[in-house]
1. Identify all residues within the stretch 150-177 that are within 17 Å of the chain's Cα centre (by Cα) and in a strand (DSSP E or B); write none if there are none.
2. Using the structure shown, decide if residue 80 is in contact with a strand residue (DSSP E or B) (Cβ under 8 Å, 6 or more places away or on another chain), at pLDDT 70 or above, within 17 Å of residue 138 (Cβ to Cβ) and not in a helix (DSSP H, G or I).
3. Return the only residue of 184, 147 being within 21 Å of residue 204 (Cα to Cα) and either at pLDDT 95 or above or surrounded by 14 or more Cβ atoms within 10 Å (Cβ to Cβ) (or both).
4. How do the pairs read when you match residues in the stretch 129-153 that are farther than 15 Å from residue 111 by Cβ and not assigned by TED's automatic domain parsing to the domain that holds residue 192 with residues anywhere that are surrounded by fewer than 24 Cβ atoms within 10 Å (Cβ to Cβ) and modelled with pLDDT of 95 or more, using Cβ under 9 Å and keeping only pairs 6 or more apart or on different chains?
5. With the condition kept exactly as written, say whether any residue in the stretch 88-110 is modelled with pLDDT of 95 or more, under 16 Å from the mean Cα position of the chain (by Cα), more than 26 Å from residue 175 (Cα to Cα) and surrounded by 12 or more Cβ atoms within 10 Å (Cβ to Cβ).
6. Inspect all residues belonging to the stretch 118-136 and state whether any of them is at pLDDT 95 or above, within 16 Å of the chain's Cα centre (by Cα) and within 13 Å of residue 95 (Cα to Cα).
7. Assuming residue 204 fulfils every condition listed in (1) touching a helix residue (DSSP H, G or I) at 6+ places or on another chain (Cβ under 9 Å); (2) in contact (Cβ under 8 Å) with a residue 60 or more places away in the chain; (3) surrounded by 20 or more Cβ atoms within 10 Å (Cβ to Cβ) apart from one, which condition is it?
8. Looking only at the stretch 47-77, which residues are under 18 Å from residue 194 (Cβ atoms), assigned to a loop (DSSP other than H, G, I, E, B) and either in contact with a helix residue (DSSP H, G or I) (Cβ under 9 Å, 6 or more places away or on another chain) or at pLDDT below 95 (or both)?
């Protein structure tokens with residue numbers, strides 16, 4: 001054992017020197033070992049069909065906005081996928097309905113500013129807002145009332161309270177909810193005629 005121990009130590013030193021030389025050579029040749037790239041989940045929105053009238057660049061821009069669910073404390077799992085549901089037998093919903101108790105705060109889904117405040121018609125008390133580049137319109141409908149002091153042209157930050165859930169317009173009086181729609185701003189700037197985009201795959205919680 002007294003003879004084998006030095007030999008074993010010598011072999012270990014030789015092995016370490018050999019491994020170090022390989023690593024050094026690899027670095028010089030540009031082949032040094034590197035950690036495996038981090039795996040990232042593919043966003044669900046990546047598999048959504050982009051509607052005609054919205055470019056791939058526009059859609060990527062919209063995905064990058066990280067759209068908030070515009071009702072306080074709402075969860076994505078509880079928002080039904082009703083974008084393509086029929087309405088009145090002759091039109092498509094082209095929005096999502098987010099159920100919440102009457103008076104629940106409605107929050108800005110994105111930065112930008114308020115484009116229009118409207119009262120009356122099917123939407124009842126409504127807000128039209130746009131993102132910072134005015135590429136997309138965000139439509140909030142059936143509000144019970146606006147936040148005090150809100151005005152057209154007012155800047156918005158994601159998460160700002162802008163109104164409260166209600167049942168104005170053609171919403172059933174016993175089913176308070178927010179009707180929320182995203183539309184691509186058309187070239188003629190008639191914001192109410194924009195191409196609808198399904199908000200649900202874009203929401204972040």
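1. Initial filter on the stretch 150-177 (within 17 Å of the chain's Cα centre (by Cα)): 156-160.
156 - this is the single residue of the stretch 150-177 that is within 17 Å of the chain's Cα centre (by Cα) and in a strand (DSSP E or B).
2. Numbers: in contact with a strand residue (DSSP E or B) (Cβ under 8 Å, 6 or more places away or on another chain): yes; at pLDDT 70 or above: yes; within 17 Å of residue 138 (Cβ to Cβ): no; not in a helix (DSSP H, G or I): yes.
Answer is no for this residue.
3. Just one listed residue meets the conditions, 184.
4. Partner pairs satisfying both residue conditions: none exist.
5. The answer is no, given that none of the residues of the stretch 88-110 is modelled with pLDDT of 95 or more, under 16 Å from the mean Cα position of the chain (by Cα), more than 26 Å from residue 175 (Cα to Cα) and surrounded by 12 or more Cβ atoms within 10 Å (Cβ to Cβ).
6. Scanning the stretch 118-136 turns up no residue that is at pLDDT 95 or above, within 16 Å of the chain's Cα centre (by Cα) and within 13 Å of residue 95 (Cα to Cα).
7. For residue 204, the exception is condition (3).
8. Residues satisfying the conditions are 48, 49, 50, 51, 52, 53, 54, 55, 65.
The values are calculated or read from the model by the stated rules, or taken from the named source; none is laboratory data. Fair warning: this is a prediction, and the values are worked out from it, not measured in the lab. Ideal geometry is used to build each Cβ from the backbone, glycine not excepted, and the neighbour counts take in all protein chains shown.
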